[in-house]
Amino acid sequence: MQQERLLKVLVVGDLGVGKTSIIKRYVHQVFSQHYRATIGVDFALKVLNWDHRTVIRLQLWDIAGQERYGNMTRVYYREAVGALVVFDMTRASTFQAVLKWKKDLDSKVALGNGRPLPAVLLANKCDQQRHGLCSKLPKLDNFSRDHGFVGWYETSAKDNTNIEAAIMCLVQNIMAID
Ligand code: GTP
Ligand code: MG
């Protein structure tokens, strides 16, 4: 018999780190250089044929970076089962914000069993390696473990690097829970 699972996944991170671009790349296979800030929250759906008896409806909640300063995240986070936390490899301030986002998640939402949501860390815009933080990135193995991420990836929405891998890592972790 076929079973269908609806998974609500949050995509968070500071302004302009590439959350919308990552989702558009993953769901629609497109990329645009043009920046239009998300207002509030946006949604996208991807249907995955997970195995011979499971179809996953992956609901991606694209939370505007500016929402970190608002009071709506608690509402947006409700019923979520996983998160992608994104920063921009070319801007250190967005890396510093990663822990603020993780804290915001862990203080406002949890799994049914009280455990924190599985979260994957994305170091986005890795096509711009020559700028920014790349020399510090080997440390992310420890950083991601120490702060409770289930994994981390260098990604590029522009070049389509590791987007699929990062999201698969998260879905695998979610599906392993029950
Ligand atoms: P908010 O909605 O304001 O929170 O921003 P966001 O995180 O959704 O960022 P968005 O996806 O809109 O991308 C911001 C800018 O970065 C856009 O100009 C994108 O084209 C650019 N961008 C996103 N991902 C990448 C990437 O992997 N590489 C490069 N070079 N640029 C990227
Ligand atoms: Mg956006």
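Taking the radius of gyration and the Kirkwood hydrodynamic radius from Cα positions alone, what is the Rg/Rh ratio for region 70-135, to two decimal places?
We get a ratio of 1.06 for region 70-135.
Summing +1 for each Lys or Arg and -1 for each Asp or Glu, what net charge is found among the other residues whose Cβ lies under 11 Å from the Cβ of residue 6?
The answer is +1.
If you wrap a convex hull around the C-alpha atoms of the chain and split its volume per residue, what is the figure in Å³?
So the per-residue Cα hull volume is 111 Å³.
Write down the accessible area per residue of the chain in Å², having rolled a 1.4 Å probe over the full set of protein chains.
With the other protein chains kept in place, the chain gives 53 Å² per residue.
Hey, any idea what % of the chain's accessible area is carbon plus sulfur with a 1.4 Å probe? Please report the intermediate quantities before stating the final value.
On the way: 4620 of 9460 Å².
Taking all protein chains in place, the chain shows 49 percent carbon and sulfur surface.
At a probe size of 1.4 Å, how large is the accessible area of residue 57, to the nearest 10 Å²?
80 Å²
Could you give the dipole magnitude of region 34-178 about its Cα centre, charging the beta-carbon of Lys and Arg +1 and that of Asp and Glu -1, in debye to the nearest 20? Present the calculation step by step, with values, prior to reporting the outcome.
Details: 19 positive and 15 negative charges, 69 e Å.
Its charge dipole is roughly 340 debye.
Which order do you get for 23, 177, 39 if you rank them by accessible area with a 1.4 Å probe, largest at the top?
Putting 23, 177, 39 in descending order of accessible area: 39, 177, 23.
Where a Cα-Cα gap under 19 Å defines reach, which aspartates and glutamates qualify for residue 46, not counting those fewer than 8 residues away within the same chain?
4, 62, 79, 164
The values are calculated or read from the model by the stated rules, or taken from the named source; none is laboratory data. Since we're looking at a predicted model, the values are computed, not measured. A quick note on method: Cβ atoms are made from the backbone with ideal geometry, for glycine too, and the neighbour counts reach across all protein chains shown. We work out accessible area using only protein heavy atoms, side chains counted, and drop any ligands, DNA or RNA first. Shrake-Rupley method; radii C 1.70, N 1.55, O 1.52, S 1.80 Å.
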